[in-house]
Amino acid sequence: MSLIEEINRRKTFGIISHPDAGKTTLTEKLLLFGGAIKTAGAVKSNKITQHATSDFMEIEKQRGISVSTSVMGFEYKGLKLNLLDTPGHQDFAEDTYRTLTAVDSVVMIIDCVKGVETQTEKLMEVCRMRNTPVISFINKLDREGRDPYELLDEIEEKLTIKVRPLSWPIGMGKSFKGVYSLFNKKLILFKGSKTQIDRNEFVEIENIQSKRLEVHIGKDEAAQLREDVELIEGIYPELDVDDYLSGDLAPVFFGSAVNNFGVQELLDCFVEIAPVPGARHTELRKVGPEENVFSGFVFKIHANIDPRHRNRIAFVRVCSGKFERKKNYFHIRQEKNLRFSNATAFMAQNKETIDEAFPGDIVGLYDTGNLKIGDTLTEGERGIFKGIPSFSPEIFKEVENLDAMKSKQLDKGLRQLMDEGVAQLFTFEMGSRKVVGTVGQLQFEVIQHRLKHEYGATCRFRSLNLYKACWITSEDKKNLDEFVKSKYRHIARDKEGKLVFMAETRQWLLMVQDNFPGVDFHFTSEH
Ligand code: G4P
């Protein structure tokens, strides 16, 4: 197969949702359709429950699970689909944000009872940064949920994206009869089968005025469906695939993942319209996937669970050309060539050594500490891929070393955990105080635990009252110098040495921004 053929048969995507909306369930059903697993229940939830906050065994176990489900490759209708998993727990949201930089499109699940929830809003903001195409799946139709029109309006309003329903539910909860597919004009009747990939019962109904509709769903329901379909076709223009591809419009499906209902319609539409790997930008130029030389970037690092073996797995998204095992690749940041003799590919839940990989694929590279998130590998070119940001953390704590004899170990441990992207480290200019910033409480416990067990260092965290870390830049160096001088006590450096303003409150930040119009404040930073 030629490189172009390999590219055109790949679709790399992620599923985003608020915890509990049905991500694990939908993932499993997709894998069942792809024949990658045989029975339901095979996909372990990567959920870390609340009580696990103090249960480190549970956290360790989850780390193990999340390696094996990080990337699930499967075949469907001759295509190779790469599904990248995202952590369910919102304390690990940053990991999810970064994973989204490695996908070409997403499926967004909305719980029909709860509607658009906070985590979905945040994740959509990240998708919007790269105009990632989104298909939405409104789940749990077997439960009494909210009015479908209301749900569509809420998606448009809260997520600022146009919608186009491609299926329509007939009833809901106890009276749920099925969906009518506006995409391929079929009636799909709901039976409710949790474990099998039974073919759902389809009835081809080209014209919904047909009397056969009553036979299948009843008189009142048929009348209601006709009214709904007329209304939808009136309100929403035809699906414009280009609008979907530019991230402006989300096609919407309705179904019930646990009952395996509506999943195939979603998948069939996905394989038809979802984008294949496209061009990506480096600092120097646009790199097309079809270019013959290999390039790729690291978006995730996973430490080995066994602390005696310090190697880690770096997840690399292939952007162009062909990746080949045992070939030397140029590591731009370190300006050296690296060779990976045991590259791994991910198929469903199995890791296997691979000899080659193509754009859209994710390869796992065993690494002893050379690679970090945001690194680019090439065949010699020096352009680093853009668009892998760090986000301002939400919780900040100062690190206090509890064992003066182990300060080297503490520094090393912190540095390595930060390379993995567990959290972000800021060092105040004044007094070199070290501050760890995260999006969730759980990370602090993970860091403390891992520092002790993997590096032999003990530390304590002292809470700090900080609102945001803002990366500061200015077109005029004089403005920046003046700002740094005036706010010296609140200036820190991130681990790349970039200047950061540590704002204590929102109001104060707004005031400071007003007072220093020549300084730009950023809530994200490129790696
Ligand atoms: P997540 O990964 O997004 O956090 O969600 P997950 O798939 O684990 O689903 C959360 C809960 O919602 C699960 O129930 C799951 O069975 C249920 N669920 C998923 N899809 C549907 C659906 O279409 N209809 C209904 N009624 N429920 C659905 P649980 O009680 O937490 O777990 P379990 O004991 O059922 O596995």
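At a glance:
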read-out: Residue satisfying all of: in the range 242-254; more than 16 Å from the ligand (Cβ to nearest atom) and closer than 17 Å to Ser181 by Cα; farthest from the chain's Cα centre (by Cα) among these; value: Pro251
read-out: Check on Thr86, β-branched (Val, Ile, Thr) and farther than 17 Å from Leu30 by Cα; value: no
read-out: Number of the condition not met by Val43 [criteria: (1) away from the ligand (no atom under 16 Å from the Cβ); (2) at pLDDT below 80]; value: (1)
read-out: Any hit, the range 488-506, residues being under 31 Å from the mean Cα position of the chain (by Cα), loosely packed, with under 15 Cβ neighbours inside 10 Å and in a helix (DSSP H, G or I); value: yes
read-out: Some residue of the range 95-114 being under 26 Å from Asp228 (Cβ atoms), more than 16 Å from the ligand (Cβ to nearest atom) and basic (Lys, Arg); value: no
read-out: Conditions (1) modelled with pLDDT of 90 or more; (2) in contact with a strand residue (DSSP E or B) (Cβ under 9 Å, 6 or more places away or on another chain); (3) more than 16 Å from Ser256 (Cα to Cα): number failed by Ser17; value: (3)
read-out: Residues located in the range 158-180, provided they are buried (at least 21 other Cβ atoms within 10 Å of the Cβ) and small (Gly, Ala, Ser); value: Ser167, Gly178
read-out: Residue selected from the range 255-273 under the condition touching an Asp or Glu at 6+ places or on another chain (Cβ under 9 Å) and either of a type in the set (A, V, I, L, M) or not in a helix (DSSP H, G or I) (or both), by the criterion farthest from the ligand (Cβ to nearest atom); value: Asn260
read-out: Residue satisfying all of: in the range 137-151; away from the ligand (no atom under 14 Å from the Cβ) and within 15 Å of Gly255 (Cβ to Cβ); surrounded by the most Cβ atoms within 10 Å (Cβ to Cβ) among these; value: Leu151
read-out: Residues that are more than 17 Å from Arg433 (Cβ to Cβ) and touching a strand residue (DSSP E or B) at 6+ places or on another chain (Cβ under 8 Å), drawn from the range 476-495; value: Leu480, Phe483
read-out: From the options Lys140, Lys80, Lys114, residue that is modelled with pLDDT of 80 or more, within 30 Å of His281 (Cα to Cα) and of a type in the set (D, E, K, R); value: Lys80
read-out: Filtered residues of the range 460-476 (kept if in a strand (DSSP E or B) and either not assigned by TED's automatic domain parsing to the domain that holds Gln443 or not aromatic (Phe, Trp, Tyr) (or both)); value: Arg460, Arg462, Ser463, Lys468, Ala469, Cys470, Ile472, Thr473
read-out: Counted residues, the range 273-294 - those being buried (at least 20 other Cβ atoms within 10 Å of the Cβ) and out of contact with any helix residue (DSSP H, G or I) (no Cβ under 8 Å at 6 or more places or on another chain); value: 5
read-out: Matching entry among Gly278, Gly234, Gly247 (being in a loop (DSSP other than H, G, I, E, B), out of contact with any Lys or Arg (no Cβ under 9 Å at 6 or more places or on another chain) and modelled with pLDDT of 85 or more); value: Gly278
read-out: Number of the condition not met by Pro169 [criteria: (1) at pLDDT 95 or above; (2) under 22 Å from Glu238 (Cβ atoms)]; value: (1)
read-out: Subset of the range 425-459 (residues that are of a type in the set (Val, Ile, Thr) and in a strand (DSSP E or B)); value: Thr427, Val435, Val436, Thr438
read-out: Residues within the range 15-29 that are in a helix (DSSP H, G or I), among the β-branched types (Val, Ile, Thr) and more than 6 Å from the ligand (Cβ to nearest atom), tallied; value: 1
read-out: Residue check for Leu213: modelled with pLDDT of 90 or more and assigned by TED's automatic domain parsing to the domain that holds Ile155; value: no
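So that you can scan it fast, the table gives a plain yes or no per residue for (1) assigned by TED's automatic domain parsing to the domain that holds Val318; (2) in contact (Cβ under 8 Å) with a residue 24 or more places away in the chain:
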{"position": "Arg339", "(1), (2)": "yes, no"}
{"position": "Ala345", "(1), (2)": "yes, yes"}
{"position": "Glu356", "(1), (2)": "yes, yes"}
{"position": "Asp367", "(1), (2)": "yes, yes"}
{"position": "Gly374", "(1), (2)": "yes, yes"}
{"position": "Pro389", "(1), (2)": "no, yes"}
{"position": "Lys408", "(1), (2)": "no, no"}
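The values are calculated or read from the model by the stated rules, or taken from the named source; none is laboratory data. These numbers come from a predicted model, not from an experiment. All Cβ positions, even for glycine, are placed from backbone atoms using ideal geometry, and neighbour counts span all protein chains on display.
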